[in-house]
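Here's the structure we're looking at; comments come further down.
The values are calculated or read from the model by the stated rules, or taken from the named source; none is laboratory data. All figures in this text were calculated on a predicted structure; none of them were measured in a lab. Methodologically, a virtual Cβ is constructed for each residue, glycine included, from the backbone with ideal geometry; neighbour enumeration extends over all protein chains shown.
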Amino acid sequence: LLSKDPYRPELHFTAPFGWLNDPNGLVYVNGEWHLFYQYYPHSNQWGDMHWGHAVSHNFLEWKHLPIALKPNELGVCFSGSAVIDKNNVTGFFDEGDLNLVAFYTNTIGLSSNQPDGLQMSSIASSKDGISFDQHLAINPIIPNSGSKHFRDPKVVWHEEAQHWNMVVTEGEEIGIYSSINLKQWKKESNWGRHESFHNNSPWECPDLFPMIDDQGVKRWVLVIGIIERNVYTPGSGTHYVIGDFDGKTFSNINPADTVLWMDYGRDFYATQSWSNTPDNRCVAIAWMSNWMYANEVPATSHRSAMSFPRELSLVTTAQGLRIAQAFPCEGLVQNKNYINETKLQLNQSVELSPSNQASVMHMTLNMSEGSAFTLAPFTHNNLVYHFKRQSDDIVISSVRKTDVAGSSRFNQDFPHENCFVVRASDQLTLSIVRDRTSFELLVSDGLYSSTESMFNQDFGPFNITATEGFINIISFNELVKEVL
Ligand code: FRU
């Protein structure tokens with residue numbers, strides 16, 4: 001049982017105690033969603049990295065398992081990924097094993113003089129999905145490539161090329177490798193040098209996966225973590241690129257200056273998708289924090305949480321292909337709180353969700369020209385979203401304040417104001433996850449996402465208020481965790 005902690009969310013994954021950052025090694029096998037994560041079990045601050053481990057049937061009930069990877073002679077265990085070696089190409093397995101293979105960053109010699117240490121890619125395997133062999137004798141499988149930042153290997157099967165690929169950060173570029181046996185890797189290419197998005201900070205946590213778009217065309221999506229401060233999502237932002245990939249080189253289908261964000265908030269980073277999923281589902285999750293303040297946010301026994309998982313699809317819009325996100329609904333049930341057609345006149349409010357109830361909400365509404373409304377998800381009004389219709393656009397601005405319930409100012413980068421514009425000529429759809437320590441908002445059929453952490457011990461009722469003109473709520477319903 002998890003310790004009672006005033007900042008323990010209800011619908012989000014947290015470590016039992018200690019520090020958590022990136023999701024790692026996401027793999028589905030035998031009906032279980034495995035979630036590994038960057039973990040420091042000895043304090044609630046970042047430290048010598050281990051891989052924590054948990055499994056779930058529904059993304060809501062998590063069973064905590066023993067620590068999977070631990071620091072050893074080759075250093076600490078930074079981020080990476082996992083796959084199922086169905087054909088036992090590694091030769092690590094026997095009949096009846098689970099054949100789980102993980103790839104992680106061994107980082108050795110971290111010190112204040114050498115803040116990045118020496119980074120290399122290593123392999124680990126598990127026969128039962130619980131205990132791991134860290135293969136000291138054959139690691140690292142890819143020695144440091146000469147780049148100070150050589151980390152976060154993500155491995156994916158390439159069906160047409162009939163080989164495995166790995167993408168790994170190499171400074172401000174992505175290194176692309178291939179392998180037949182998951183142990184020997186051949187360098188194929190580097191990607192990113194000519195992107196306008198090239199900047200002065202290393203890229204982190206690349207992910208690469210195939211998706212079939214809504215026209216039936218197979219595309220590859222490359223996701224990259226950006227820690228630059230001078231961008232739309234400063235500190236920790238997640239950028240994605242849609243392209244083609246032949247197993248050797250990746251090419252962006254958009255002009256190099258197209259910048260697509262997975263999320264417009266401050267707390268959605270190190271996004272990774274699950275491998276080996278059933279029915280070609282593409283489900284991803286992110287670390288719900290930001291390196292600008294992650295170590296300083298209010299915490300007691302544990303610090304940081306994962307985002308709510310996101311089901312991804314690739315849809316055609318007037319601007320081109322875009323990722324759309326949705327919240328998977330396994331393990332959630334409809335509660336009795338729903339609203340049928342309701343018109344909100346100027347200054348009228350309606351309560352969407354009662355006090356201290358964590359839930360997933362879906363709402364469809366109409367906004368008249370020039371109308372505006374606010375969403376105030378938390379009792380202290382420490383996070384407020386404002387929506388304003390301007391012809392076919394809706395301008396969404398948000399304010400997050402310092403006066404976090406029960407805590408003083410903990411970091412100057414936490415309070416912020418934000419603004420993004422979404423296309424919504426007709427009805428506006430919103431999907432929301434509200435929990436004790438976060439607010440996640442998907443707008444316009446999931447084409448835009450905004451994730452913000454907030455540290456409330458008591459989060460109060462959640463209201464919507466018409467602040468200009470009038471709005472028409474067409475439907476609203478709320479899902480809560482099924483009590484078994
Ligand atoms: C991203 C990151 C990774 C690294 C890990 C260390 O948040 O910096 O690049 O592997 O965290 O914990």
Inset, instruction - Could you tell me which numbered condition Ser313 fails, if it satisfies all but one of (1) out of contact with any strand residue (DSSP E or B) (no Cβ under 7 Å at 6 or more places or on another chain); (2) in a strand (DSSP E or B); (3) not β-branched (Val, Ile, Thr)? - result: (1)
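To keep it simple, each residue is scored yes or no on (1) within 15 Å of the ligand (Cβ to nearest atom); (2) modelled with pLDDT under 95.
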{"position": "Asn113", "(1), (2)": "no, yes"}
{"position": "Asp133", "(1), (2)": "no, no"}
{"position": "Pro140", "(1), (2)": "yes, no"}
{"position": "Asp152", "(1), (2)": "yes, no"}
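State yes or no: is Ser122 within 15 Å of the ligand (Cβ to nearest atom), assigned by TED's automatic domain parsing to the domain that holds Val89 and more than 24 Å from Val241 (Cα to Cα)?
Yes: the conditions hold for Ser122.
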Inset, instruction - Would you check which residues across the stretch 60-108 are at positive phi and more than 15 Å from the ligand (Cβ to nearest atom) and list them? - result: Asn88, Gly91, Gly96, Asn99
Inset, instruction - Return the only residue of Gly243, Gly175 being modelled with pLDDT of 95 or more, assigned by TED's automatic domain parsing to the domain that holds Phe92 and away from the ligand (no atom under 16 Å from the Cβ). - result: Gly243
Inset, instruction - Tell me which residues, restricted to the stretch 178-202, are within 16 Å of the ligand (Cβ to nearest atom) and under 19 Å from Thr105 (Cβ atoms). - result: Gly192, Ser201, Pro202
Legend entry - Filter pass, Ala424 being buried (at least 17 other Cβ atoms within 10 Å of the Cβ) and at pLDDT below 90: yes
Legend entry - Meets criteria (in contact with a Ser or Thr (Cβ under 9 Å, 6 or more places away or on another chain) and free of Cβ contacts under 8 Å to residues at least 40 places away in the same chain) for Thr402: yes
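Quick check, is Asn200 at pLDDT 95 or above, surrounded by fewer than 24 Cβ atoms within 10 Å (Cβ to Cβ) and outside any strand (DSSP E or B)?
No.
Table: residues versus (1) in contact (Cβ under 8 Å) with a residue 40 or more places away in the chain; (2) not hydroxyl-bearing (Ser, Thr, Tyr).
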{"residue": "Pro415", "(1), (2)": "no, yes"}
{"residue": "Cys419", "(1), (2)": "no, yes"}
{"residue": "Ile432", "(1), (2)": "yes, yes"}
{"residue": "Phe439", "(1), (2)": "yes, yes"}
{"residue": "Thr451", "(1), (2)": "yes, no"}
{"residue": "Pro461", "(1), (2)": "yes, yes"}
{"residue": "Ile464", "(1), (2)": "yes, yes"}
Legend entry - Top-ranked residue in the stretch 283-301 [being buried (at least 16 other Cβ atoms within 10 Å of the Cβ) and away from the ligand (no atom under 16 Å from the Cβ); ranked as farthest from the chain's Cα centre (by Cα)]: Ser301
Inset, instruction - Read through the list (1) under 23 Å from Val483 (Cα atoms); (2) part of a strand (DSSP E or B); (3) touching a strand residue (DSSP E or B) at 6+ places or on another chain (Cβ under 7 Å), then give the number of the only condition that His386 fails. - result: (1)
Inset, instruction - Mind listing whichever residues of the stretch 16-43 are more than 16 Å from the chain's Cα centre (by Cα) and either away from the ligand (no atom under 12 Å from the Cβ) or farther than 16 Å from Trp287 by Cα (or both)? - result: Pro16, Phe17, Gly18, Tyr28, Val29, Asn30, Gly31, Glu32, Pro41, His42, Ser43
Legend entry - Residue check for Val395: exposed (fewer than 15 other Cβ atoms within 10 Å of the Cβ) and either out of contact with any Leu (no Cβ under 8 Å at 6 or more places or on another chain) or assigned to a strand (DSSP E or B) (or both): yes
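Run down Asn347, Asn356, Asn381 and say which single residue is more than 26 Å from the chain's Cα centre (by Cα) and assigned to a loop (DSSP other than H, G, I, E, B).
Asn347
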Legend entry - Qualifying positions in the stretch 321-342 - under 20 Å from Val443 (Cα atoms) and either acidic (Asp, Glu) or modelled with pLDDT of 95 or more (or both): Leu321, Arg322, Ile323, Ala324, Gln325, Ala326, Phe327, Pro328, Glu341
